[in-house]
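The values are calculated or read from the model by the stated rules, or taken from the named source; none is laboratory data. Small disclaimer: the values here were computed from a predicted structure and weren't measured. Cβ placement follows ideal geometry from the backbone for every residue including glycine, while neighbour counts extend to all protein chains displayed. Quick note on the areas: whole protein, heavy atoms, side chains included, nothing else; ligands and nucleic acids left out. Shrake-Rupley method; radii C 1.70, N 1.55, O 1.52, S 1.80 Å.
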Amino acid sequence: ISDLAATGNPFTSEDVTAAVGLPTGAVGSNRNNAIGAMMNGAARRRVIVKTGRRVLSRRPTSHGAELTEWIGR
């Protein structure tokens, strides 16, 4: 997240998972929730802020869900 924030370009949680993959191991079936928790944690630490835009997911398994767009602070 910090690396994507440092670029100055907007990004989504999908960009994070594209860069590092989904969590594995004990997280199990809630692994997608872990990414959201990481994004919210970064926002609480003021590493990232919402741009105010929502963008459509590119992953077929997400069925076009809307994702929050973030940018580094």
Pop out the carbon and sulfur fraction of the accessible area of the chain as a percent, whole number, probe 1.4 Å. 50
The chain: calculated mean residue ellipticity at 222 nm from DSSP helix runs of at least 4, using -39500 (n - 2.57): -10500 deg cm²/dmol
Work out, step by step, the length gained on full extension between Asn9 and Ala37: first 0.36 nm times the residue separation, then minus their alpha carbon distance; give nm to one decimal. 8.0 nm
Just checking my list (1) -0.41, -1.33; (2) -0.31, -1.41; (3) -0.36, -1.37 against log10 I(q)/I(0) by the Debye sum over Cα atoms at q = 0.13, 0.27 Å⁻¹ computed from this structure; which label fits? (3)
What does the charge add up to near Val47, with Lys and Arg as +1, Asp and Glu as -1, over the other residues with Cβ less than 11 Å from its Cβ? +3
Excluding ligands, DNA and RNA, what is the solvent-accessible area per residue of the chain at a probe of 1.4 Å, expressed in Å²? 67
Once Lys and Arg are counted +1 and Asp and Glu -1 for all other residues with Cβ under 14 Å from that of Ala5, the total becomes +2
Ordering of 9-20, 57-68, 36-47 by packing [mean C-beta count within 10 Å, highest first]: 9-20, 36-47, 57-68
Other residues with Cβ under 11 Å from the Cβ of Glu14 give, with Lys and Arg +1 and Asp and Glu -1, a net charge of 0
Checked against the positive end of the charge dipole of the chain (+1 on Cβ of Lys and Arg, -1 on Cβ of Asp and Glu, about the Cα centre), the farthest of Val55, Asn40, Leu4 is Asn40
